[in-house]
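The values are calculated or read from the model by the stated rules, or taken from the named source; none is laboratory data. Keep in mind the model is a prediction, meaning the values are calculated, not measured. A quick note on method: Cβ atoms are made from the backbone with ideal geometry, for glycine too, and the neighbour counts reach across all protein chains shown. Calculation scope for accessible area: heavy atoms of the full protein, side chains included, ligands and nucleic acids excluded. Shrake-Rupley method; radii C 1.70, N 1.55, O 1.52, S 1.80 Å.
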Amino acid sequence: MSRKSWRRSYPHIQFYLVSGNEDRIYDSLQKGLLDFGLICRADAPRTYVFRRIPHDDAWGLMMRADNPLAVKEAVQSADPLQGPLIVSEQVMKHHELDHYFGSAAEKIEVVGTYNLLYNTIFFIEAGMGSALCFKGMADAVGSSRGLVFRPLDPVIYSANYVVWRRDQVFSRAGRLVVAALDEVFSNHA
């Protein structure tokens, strides 16, 4: 079902969007504050019902254009990071720096964490560090501010999932959303 036909068929269904990291989404789902969550992670969330969205996000660094790494096409795990790093809370929780940078991760100066990338751009602009983030997010918030994004090489991708509790009792609107998700994303489990 297309977006336009969905709106024509169900003009009274509204979506309430809440932004946050994976922990906040899971907590809100468990408390019944949300029916659905959108999360990004490397592996499927097996404890929840999910539909994989057929769009993966590539990790990289968003930095000022005067950062020496900005002249490169990609940042490699062996590249010395030029200045401190600002990372998402989720990256720290899952030890993803260790997975990518190996023993060199111990030498990385992490000066802060974020749960929403937009606020981080002010710190990057002020020269306080570069942010490890997704390309899609960097393109949305950083390119208009003169910041640049360089992907990691080798590339690391995270998948996007719509999730909900296994025991979730949906309203009619919620059941319609599940049916639409099944129709649109059925081939991407």
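Things worth noting here:
- The mean of 1/r over all distinct Cα pairs in the chain, once inverted, gives the Kirkwood hydrodynamic radius of 18.2 Å.
- Using a probe of 1.4 Å, the accessible surface attributed to LEU17 totals some 150 Å² when neighbouring protein chains are kept in position.
- Taken per residue, the accessible surface of the chain reaches 59 Å², heavy atoms only and a 1.4 Å probe.
- Exposure rank, largest accessible area first [ASP139, ASP66; 1.4 Å]: ASP66, ASP139
- Per residue, the chain reaches -7500 deg cm²/dmol at 222 nm when only DSSP H runs of four or more residues are counted, each adding -39500 (n - 2.57).
- As an equivalent ellipsoid, the range 99-174 spans semi-axes of 31, 19, 13 angstrom, where each value is the square root of five times an eigenvalue of the C-alpha gyration tensor, largest first.
- When the chain is treated as a Gaussian network with alpha carbon springs shorter than 10 Å, the biggest mean-square fluctuation among ALA131, ALA44, ALA105 belongs to ALA105.
- Rounded to the nearest 10 square angstrom, VAL110 shows an accessible area of 50 square angstrom against a 1.4 Å probe.
- Note on the range 1-83: Kirkwood hydrodynamic radius from all Cα pairs is 17.0 Å, rounded to one decimal.
- Among the trypsin sites (Lys or Arg not before Pro) found in the range 1-54, those both in a DSSP coil and sparsely packed, with 11 or fewer other Cβ atoms within 10 Å of their Cβ, are LYS31, ARG46.
- Protein heavy-atom surface of the range 1-125, 1.4 angstrom probe: 51% of the accessible area is carbon and sulfur, with nucleic acids and ligands not counted.
- Heavy-atom SASA rank of TYR16, TYR114 (probe 1.4 Å, accessible area, largest first): TYR16, TYR114
- Here's the picture: charge each Lys and Arg Cβ at +1 and each Asp and Glu Cβ at -1 in the range 1-89, and of ALA65, VAL49, SER5 the one pushed furthest to the positive end of that dipole is SER5.
- Within the assembled protein chains, the solvent-accessible surface assigned to PHE170 is about 30 Å², based on a 1.4 Å probe.
- THR113, THR47, reordered so the largest accessible area comes first (probe 1.4 Å): THR47, THR113
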